[in-house]
1. Give me the pairs, please: first residue somewhere in the stretch 5-30 and of a type in the set (S, T, N, Q), second residue anywhere and in a loop (DSSP other than H, G, I, E, B) and open to solvent by 90 Å² or more (accessible area, probe 1.4 Å), beta-carbon distance under 7 Å, and either six or more positions apart or on two chains.
2. If I ask for residues that are touching a strand residue (DSSP E or B) at 6+ places or on another chain (Cβ under 6 Å), under 14 Å from Trp6 (Cβ atoms) and either basic (Lys, Arg) or assigned to a strand (DSSP E or B) (or both), which ones from the stretch 36-83 would you list?
3. List pairs: first in the stretch 63-83 and among the β-branched types (Val, Ile, Thr), second outside any strand (DSSP E or B) and at pLDDT 95 or above, Cβ under 8 Å, 6+ apart or cross-chain?
4. For the stretch 18-35, which positions are assigned to a loop (DSSP other than H, G, I, E, B), under 13 Å from Asp67 (Cβ atoms) and at pLDDT below 90?
5. Considering the stretch 36-47 alone, what residues qualify as being at pLDDT 95 or above and open to solvent by 60 Å² or more (accessible area, probe 1.4 Å)?
Amino acid sequence: MLNADWNLISRTILPISYRDYLPPPDGNTFGLGDITQSLFLSPTNPGPSGIVWGVGPAFLIPTATDDFLGTGKFGIGPTAVVLKQE
């Protein structure tokens, strides 16, 4: 909670991946993919119909343990979420 009116919501995705059928001599690989970190600024209380929303930035962080499991590039862009809470 940032204050009485706003929340900061953090969502981190760290994929664990297995990829097979790679070109020889690799054959297959297993490891971690790139991290996706999303941050959402959202009102503390849902709207009158139970709608909760949030907006903010998303970051792609090149943390893959193998070139075949990630992009090898840093990225940033917008993200949003809308849901109904009953």
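1. Matching pairs, first to second residue: Asn7/Met1.
2. Once the filter is applied, which keeps residues that are touching a strand residue (DSSP E or B) at 6+ places or on another chain (Cβ under 6 Å), under 14 Å from Trp6 (Cβ atoms) and either basic (Lys, Arg) or assigned to a strand (DSSP E or B) (or both), the stretch 36-83 yields Leu39, Phe40, Leu41, Ser42, Val52, Trp53, Gly54, Val55, Gly56.
3. Close Cβ pairs (under 8 Å, with a partner that is outside any strand (DSSP E or B) and at pLDDT 95 or above) amount to Thr63/Leu14; Thr63/Gly33; Thr63/Asp34; Thr71/Asp34; Thr71/Pro62; Thr71/Ala64.
4. First, pick out the residues of the stretch 18-35 that are assigned to a loop (DSSP other than H, G, I, E, B): 21-27, 33-34.
Adding the requirement that they be under 13 Å from Asp67 (Cβ atoms) leaves 22-23, 26, 33-34.
Scanning the stretch 18-35 gives Leu22, Pro23, Asp26.
5. Passing the criteria: only Leu41.
Conditions tested, residue by residue: (1) open to solvent by 50 Å² or more (accessible area, probe 1.4 Å); (2) under 19 Å from Arg11 (Cα atoms); (3) modelled with pLDDT under 95; (4) not hydroxyl-bearing (Ser, Thr, Tyr).
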{"residue": "Ser49", "(1), (2), (3), (4)": "yes, no, yes, no"}
{"residue": "Gly54", "(1), (2), (3), (4)": "no, yes, no, yes"}
{"residue": "Phe59", "(1), (2), (3), (4)": "yes, yes, no, yes"}
{"residue": "Ala64", "(1), (2), (3), (4)": "no, yes, no, yes"}
{"residue": "Leu69", "(1), (2), (3), (4)": "no, no, yes, yes"}
{"residue": "Gly75", "(1), (2), (3), (4)": "no, yes, no, yes"}
{"residue": "Leu83", "(1), (2), (3), (4)": "yes, yes, yes, yes"}
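The values are calculated or read from the model by the stated rules, or taken from the named source; none is laboratory data. Note that this is a predicted model, so its numbers are computed, not measured. Cβ: placed from backbone, ideal geometry, glycine included. Neighbour counts: every protein chain shown. Heavy atoms of the whole protein, side chains included, go into the accessibility calculation; ligands, DNA and RNA do not. Shrake-Rupley method; radii C 1.70, N 1.55, O 1.52, S 1.80 Å.
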